[in-house]
Amino acid sequence: MAIISREQIVEGLVDILGSEQVVTDEQVLKESSLDRYRKYEQVCEVYTQPIPAAVVYVKSAEEVSEVLTFANDNEINVVPRTGQSAIEGGLETALKDSVVIDGSTMNKVIKVDEYNMQVTCQCGVPLQELDDMLRERGYTTGHSPQSKPLAQMGGLVATRSIGQFSTLYGGIEDMIVGMEAVFPNGKICRIKNVPRRAAGPDIRHIICGNEGALCYITEVTLKLFKWQPDNNRYIGYMLDDEYMKLGFDCLREVMVEGYKPSFARLYDAADAQQHFSAWLPEGKAILIWMAEGPANITPAIEAGIKEMMSKHPELEEVDPKLIEKWYGGLNWGPEQIAEEKEEIKATQNIGITTEVSGSWDNIYDIYKTACDRILEEVPDMTLMGGHSSHSYINGTNMYFVYYYNIVDCAPEEEINKYHDRINQIICEQVIKYGGSIVHHHGLGKARAKYVTQEYGSSYYMLKTLKQAFDPNGIMNMGTLIPLRK
Ligand SMILES: Cc1cc2nc3c(=O)[nH]c(=O)nc-3n(C[C@H](O)[C@H](O)[C@H](O)COP(=O)(O)OP(=O)(O)OC[C@H]3O[C@@H](n4cnc5c(N)ncnc54)[C@H](O)[C@@H]3O)c2cc1C
């Protein structure tokens, strides 16, 4: 915890950045103490986490370096942030008198290099703006998380995010070329942009996924891809919910046969009703693919998938236009967040998600046993289900989606009574069957308590990285590695 007073922290930051870049407004500070993991507290405007001393807006890697050096010298916990769409407690200020370092003001696209097919931008560039600009030129990053209208480059890289078209383009870790990041001692490190190199370990992966617990990301170079939406093909099948195991096997079949659709999804009946209720009968699950890319390739992917699926009499093909329509309205921006807030206030019913992954031979058991246990053990559930939305040759993810009524419970008790309990059951089932408790939102703070079970003997490596890069323990404490009680 800081070795100087709250007032001295603010004075020191003003000396470095000037008063316009240092915010100490009470309401801003309160709102900066948490993220959407504590959605109900956020909605009720009840703040249970230590309130930070300041939020600072940085304009360059040099400013980040100076702020981090000051924090390191004075043992002040810092919480990096950009788009503020975090969902797993990564933005919670877990220690007294923390400083939130906001990089959203570093929002310049530095270079679009069409010949080498890469784009370089600062950490605060919003993904939606970047991709819209690129699409006008006939390119795309290929990255499309549901939070595309909210998220910015720093957070996207820090959380190892993944987008809806991951089966073709991969997660952000597959898109990154080079990066710049600042470490707690103020050292600015740049990893150059090359197509590949074998000079030792891939140090990009110390930065990617660090969740603000090792370093501050200031610049990112991503690959570019051609944007060819006219060639898109949409494929969908409905199936009875009892055939979810078959649904996973269908996803597997497409991956194993070597097809590369851009998305591949399986929704169980409960979750499907949230998206397709206009035409999908209750009790039906749904399988969806989209093929994207050159005109010679997408019809071949469509034909290949249809040929494979035609061998399963349990599947019933649906009109591809229905899938295309659904695909157009997937993302969430500030409008949807504001609507959700009003809905929660009005109904006291809240929807949350937890994303995990598993191999083909255990994903169904993870899905089924977690859903069954939650429905049995947690009160007031109104919906329990989920979907698989990112598939690989050796397995897939499960995105649990759950809603519950908040009954006889103060805002500050909601986490313990419902959200943490559900998370715990999911993590227990994932660990039991050998999957990963985090597929793409980041471990954050709530799931950090399971980190040793998640990592097993390789936890040694993560802990050693933390000790080496952040010996004074100032980087987003409680994230990745739990706080010692
Ligand atoms: C509605 C909704 C849908 C979502 N859908 C997806 C999805 O499809 N796929 C997906 O992967 N995620 C999804 N998310 C989660 C979230 O949007 C992503 O994890 C995103 O990458 C966060 O980016 P951000 O800029 O908002 O980061 P923030 O929320 O600001 O921060 C997220 C984490 O990254 C750290 N961080 C932020 N900036 C930096 C930096 N410059 N240097 C170091 N650390 C930093 C923070 O400390 C924090 O731990 C969704 C979230 C919401 C609310």
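Just so it is clear, none of the values below were taken in a lab; they were calculated from the coordinates. All values reported here derive from a predicted model rather than from experimental measurement. A quick note on method: Cβ atoms are made from the backbone with ideal geometry, for glycine too, and the neighbour counts reach across all protein chains shown.
Quick notes on this structure:
- Per-pair calculated FRET efficiency, R0 = 22 Å: M1 and D25 via Cβ, rounded to 0.05: 0.45
- Seen against the Cα atoms of the chain and their longest principal axis, helix 420-433 is set at about 60 degrees.
- Label point of K311 set 7 angstrom out along Cα-Cβ; within the stretch 241-269, amide nitrogens under 11 Å from it belong to 253-254, 257.
- If the chain linking T382 and A410 were pulled fully straight, counting 0.36 nm for each residue of separation and taking away their Cα-Cα distance, it would gain 8.2 nm.
- At R0 = 41 Å, FRET efficiency that the Cβ-Cβ distance of Q348 and Q8 yields, to 0.05: 0.45
- Subtracting the Cα-Cα distance of E62 and I16 from 0.36 nm times their residue separation leaves 15.5 nm of extension gain.
- Diffusion coefficient (Stokes-Einstein, Kirkwood radius over C-alpha pairs, 37 °C, 0.692 mPa s) for the stretch 229-328: 243 µm²/s, rounded to a whole number.
- Placing pseudo-labels 7 Å out from each Cα toward the beta carbon at D202 and D420 gives an inter-label distance of 3.6 nm.
- Percent breakdown of C-alpha pair distances by 10 Å bin, ordered from the shortest bin, for the chain: 4, 19, 29, 27, 15, 4, 1, 0
- Modelled label positions at S436 and I337, each set 7 Å beyond Cα in the direction of Cβ, lie 2.6 nm from each other.
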